[in-house]
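A.B. asks: Structure below; questions to follow.
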Amino acid sequence: MHSANNDTKPARKMKKNPADIDDLRHEAEALINFEPNHLDADLPLDLQTLFHELNVHQIELRMQNEQLVEAQQQLIASRNDFITLFDLAPVGFLRLDEKGRILQSNQTVQEMLGKSHSELRDKFLTAFIHVDDLSIFNARYNAFYKKPDGKHIELRLLDRHKKPIYIELSGRLIKKQTGASVDFNHDCLLVNIITIGERKKMEEQLKLAAKVFEHSQESIMITAPDTTILKINFAFTAVTGYKPAEVIGRTPKILSSGRQSPEFYRDMWQKINKEGCWQGEIWNRRKNGDLYAEWLSICRINDKFGRVSHYIGIFSDITLRKLNEKQIEQLAYFDPLTELPNRALLNDRLKQGIVQAVRHKLWLSVFFLDLDRFKILNDTLGHFAGDLLLQNVAKRLKSCVRESDTVARFGGDEFVILLTDFVDEQSAALHSAEIAKKILDVLSQPFDLSGNQFITSTSIGFTLFPKDGSSVDELIKNADAAMYHAKASGRNNYQYFSDNMRSEALTRSTLENDLHHALPNHEFIVYYQPLIDLQTTPNQIIGFEALLRWNHPRKGLISPDDFIPIAEETGMIVAIGEWVLKSACKQFKIWRDQDQPQLKKICVNLSARQFLQNDLVHSIRQCLDSTGLDARFLEIEITETVMMQHMSAVIRILQQLMQMGITVSLDDFGTGYSSLTYLKKFPINSIKIDRSFVRDILNDPDDKVIVHSIISIARHMRLDIIAEGIENNEQATYLMQAGCRFGQGFLYSKPLPADGLIDLFPMFD
Ligand SMILES: Nc1nc2c(ncn2[C@@H]2O[C@H](COP(=O)(O)O[C@H]3[C@@H](O)[C@H](n4cnc5c(=O)[nH]c(N)nc54)O[C@@H]3COP(=O)(O)O)[C@@H](O)[C@H]2O)c(=O)[nH]1
């Protein structure tokens, strides 16, 4: 029974979750004692029992209610947990119906597409698929929906900015559940969406890398750390001829040519292991056995622990480039005809030679060679024969010297030889003389030029370093000067550069220097020597030869023999020659205008160099125009040597001059090397018999024969004849009787300046 003052009783807490109904009753019974006691003790017992039962039941109901509330709260918490897990899962979730309509989406998908749940709900997933991938989705969805296990679809969704997101869909079919919420009361597909953008990028990069590897123009080989070949590309096969199956599993030694030494490879691997990379040129061998040059880079690839994981070798075939380089070098430094070093390389070798000689206190010798009468061969047998001769000469010269010496083609028929490593002057001079003799001997042996036997000779000059010169130019110049001496002393011999030559060279260079000022300083004078008609009595002056003189400010009158060659070599002869021509034409016009009708010609000498000037004809025409002299009074004198040097140009120019009315005479006839055949070819009007034949004509039977022959030839060819160097009446009479019509010489007058000649005219009238 409960007491009436139950109010005072301490409240008792209900025990949680009574296990079953008995427990509940038991618990309620226990609690009732802590409830305030409202029972009236006076009530009948059965009423009291009823009230008690009611109280217990009330407590039981309260307790059950509390339990229900608690269970509901737990349910809500667990639902919230699930939603959080569903929403915030790193994977996107969608529930789709059979048609692909979105029933539910999680937050990850919503964020991915930039749409809210309600914006997605009931929309077809296709609304968010990239247009290019719709066909993939539509084609596969049905099958995927029915049996999604283990399948996945890759496609692109579009975010709210229509930017594609690469995703992979996989799914699971959820069968409808009895008693489930409205969402789950029919079948649906739970779809997982993972973004694969990074993976795609990696895949693309890998694909690209693979394409680059395969299609690279460079040959690539990847090896394991032990250099076993793992992979090669197409270019590797193209260059080496080896297919993948033939090299994979082998080492790059398969390509070895044996050209590189073990030390080379040791250094190479040292560098790779120390610095990670090596590159350089290497000669390898193709599968067909051919050697080839490659430019190779080898790099070491490390894993994340710093250990070698691979080596990558990249190379390109540079065989062709190397051949081209060689050809370019050959063109730049070698003479294409003889394959000897050219001037550029000779210069370089000489410079190097001088440096070495100075360093080791050694002596050098420089030879200058010029073939004798090469031009005649060229003109008579043709350029092909000339080229053959030069090639053969080059070979013979090389056979006379050591491998370490240099034989170079200096130009035309000129060669320079550099001999090195002489210990002193004596041995340098001795050996040079011996080699010079050997060369003279070797080159004097007949040459077989495509069936034609040809004999030539050479003139050699040599000079020694350091005695005779200290620079490349000086050495060559001195050797050249010595060679000229060899030529002057009869050809086919050699000369060592002497002190005499040095002073000659000095004089020459001073003269050359002074010559530059001669024309502007009016130091030239034209002298005139009369041309006489031997068959008139008294002998008449029919004209003059203009002969140049240089009135040097310090040295006085200088003979043309001393300065004309310098003027020719330096090209000054062009301007000087123009001046002579103009002065002579002007003077002759004055004489003609002084009522001297017997004066028929003024002869002016032209040198070879003048025929090389482009406007010679034009300049002569201008001269005649400006002086007013009739062209028929002008006679051009050329020597045989001039004719032979530039034959075709000379013939062309002479023809043009003749068309203008100018006459041409061939000077020094008989002293040069022209043949009679050539005489026929040249457009000339007269021949001058050289004074060397006239000098001894009375005593020397040979000279007599020569002079008679020349006169006879001239007659047959209807050419005028002028004899030069007549010094006495006997010579004049002999020549006249032999049929020579005209003469010139000291007998009549030495060459004189114009104003000194005027007194002579009456004597010959
Ligand atoms: N290109 C040019 N050459 C020229 C010019 N002027 C002259 N020359 C050539 O120089 C060479 C030497 O000439 P030069 O010293 O004037 O000698 C000439 C005469 O003085 C000389 N001569 C004439 N008669 C006699 C003689 O009886 N005895 C003798 N010992 N010498 C004599 O002969 C030379 C004339 O020679 P050539 O020209 O062959 O008729 C000479 O080769 C000149 O050609 C010039 O302006 N331009």
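A.B. asks: If the requirement is being within 30 Å of Asp187 (Cα to Cα) and in a helix (DSSP H, G or I), which of these qualifies: Leu75, Leu61?
C.D. replies: Matching residue, one of Leu75, Leu61: Leu75.
A.B. asks: Then there's this: Which count do you get for residues in the stretch 597-606 that are more than 16 Å from the ligand (Cβ to nearest atom) and aliphatic (A, V, I, L, M)?
C.D. replies: Looking only at that region, the number is 1.
A.B. asks: For the stretch 482-495, how many residues are touching a helix residue (DSSP H, G or I) at 6+ places or on another chain (Cβ under 9 Å) and either surrounded by fewer than 21 Cβ atoms within 10 Å (Cβ to Cβ) or under 22 Å from Gly756 (Cα atoms) (or both)?
C.D. replies: Number of matching residues: 4.
A.B. asks: Moving on to the next point. Tell me which of these Lys582 doesn't satisfy, since it passes every other one: (1) closer than 19 Å to Phe524 by Cβ; (2) surrounded by fewer than 20 Cβ atoms within 10 Å (Cβ to Cβ); (3) in contact (Cβ under 8 Å) with a residue 12 or more places away in the chain.
C.D. replies: Only one criterion is unmet by Lys582, namely (2).
Residues checked against (1) on the phi > 0 side of the Ramachandran plot; (2) modelled with pLDDT of 95 or more; (3) in contact with a strand residue (DSSP E or B) (Cβ under 8 Å, 6 or more places away or on another chain); (4) not small (Gly, Ala, Ser):
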site	(1), (2), (3), (4)
Ala344	no, no, no, no
Arg373	yes, no, no, yes
Ile376	no, no, no, yes
Leu381	no, no, yes, yes
Gly386	no, no, no, no
Gln391	no, yes, no, yes
Lys395	no, yes, no, yes
Lys398	no, yes, yes, yes
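A.B. asks: Kindly evaluate Ala584 against the criterion of being in a helix (DSSP H, G or I), more than 27 Å from Leu381 (Cβ to Cβ), under 45 Å from the mean Cα position of the chain (by Cα) and within 14 Å of the ligand (Cβ to nearest atom).
C.D. replies: Answer is no for this residue.
A.B. asks: Same structure, new question: In the stretch 517-568, which residue that is free of Cβ contacts under 8 Å to residues at least 12 places away in the same chain, outside any strand (DSSP E or B) and more than 10 Å from the ligand (Cβ to nearest atom) is nearest to the chain's Cα centre (by Cα)?
C.D. replies: Among those that are free of Cβ contacts under 8 Å to residues at least 12 places away in the same chain, outside any strand (DSSP E or B) and more than 10 Å from the ligand (Cβ to nearest atom), it is His517.
A.B. asks: Take the residues in the stretch 607-636 that are within 13 Å of the ligand (Cβ to nearest atom) and at pLDDT 95 or above; name whichever of them is farthest from Asp561 (Cα to Cα).
C.D. replies: Ranking the candidates gives Glu635 first.
A.B. asks: While we're on this one: Check the stretch 88-100 and report whether any residue there is hydrophobic (A, V, I, L, M, F, W, C), in a loop (DSSP other than H, G, I, E, B) and surrounded by fewer than 17 Cβ atoms within 10 Å (Cβ to Cβ).
C.D. replies: yes
A.B. asks: Would you say Lys467 is touching a residue at least 12 places away in the same chain (Cβ under 8 Å) and in a helix (DSSP H, G or I)?
C.D. replies: No.
A.B. asks: Something else about it: Consider Glu504 carefully, then state whether it is surrounded by fewer than 21 Cβ atoms within 10 Å (Cβ to Cβ), among the acidic types (Asp, Glu) and in the same structural domain as Trp579 (by TED's automatic domain parsing).
C.D. replies: The answer is no for Glu504.
A.B. asks: A further question on this structure: For Asp593, indicate whether it is in contact with a Gly (Cβ under 8 Å, 6 or more places away or on another chain) and more than 11 Å from the ligand (Cβ to nearest atom).
C.D. replies: So Asp593 fails the test.
A.B. asks: Met643 fails exactly one of the following numbered conditions: (1) within 13 Å of the ligand (Cβ to nearest atom); (2) within 18 Å of Ile687 (Cα to Cα). What is the number of that condition?
C.D. replies: Only one criterion is unmet by Met643, namely (1).
A.B. asks: Same structure again: Inspect all residues belonging to the stretch 732-747 and state whether any of them is touching a residue at least 24 places away in the same chain (Cβ under 8 Å) and surrounded by fewer than 13 Cβ atoms within 10 Å (Cβ to Cβ).
C.D. replies: No.
A.B. asks: Can you say whether Ile476 is of a type in the set (A, V, I, L, M) and in contact with a Pro (Cβ under 8 Å, 6 or more places away or on another chain), as far as the supplied structure shows?
C.D. replies: no
A.B. asks: Let me ask something else about it. Please specify each residue of the stretch 154-173 satisfying the condition of being assigned to a loop (DSSP other than H, G, I, E, B) and of a type outside the set (Lys, Arg).
C.D. replies: Asp159, His161
A.B. asks: Moving on. Could you list, in sequence order, the residues of the stretch 752-765 that are part of a loop (DSSP other than H, G, I, E, B) and either at pLDDT 95 or above or away from the ligand (no atom under 16 Å from the Cβ) (or both)?
C.D. replies: Once the filter is applied, which keeps residues that are part of a loop (DSSP other than H, G, I, E, B) and either at pLDDT 95 or above or away from the ligand (no atom under 16 Å from the Cβ) (or both), the stretch 752-765 yields Ile758, Asp759, Asp765.
A.B. asks: Would you check which residues across the stretch 649-679 are surrounded by fewer than 18 Cβ atoms within 10 Å (Cβ to Cβ) and modelled with pLDDT of 80 or more and list them?
C.D. replies: Matches in the stretch 649-679: Ala649, Ile651, Arg652, Gln655, Gln656, Met658, Gln659, Met660, Gly661.
A.B. asks: Please go through the stretch 399-419 and pick out each residue that is in contact (Cβ under 8 Å) with a residue 24 or more places away in the chain and more than 12 Å from Phe367 (Cβ to Cβ).
C.D. replies: Ser399, Arg409, Gly411, Gly412, Asp413
The values are calculated or read from the model by the stated rules, or taken from the named source; none is laboratory data. Just so we're clear, the structure is a prediction, and the values are computed from it rather than from any experiment. Positions of Cβ are backbone-derived with ideal geometry, glycine not excepted, and every protein chain shown enters the neighbour counts.
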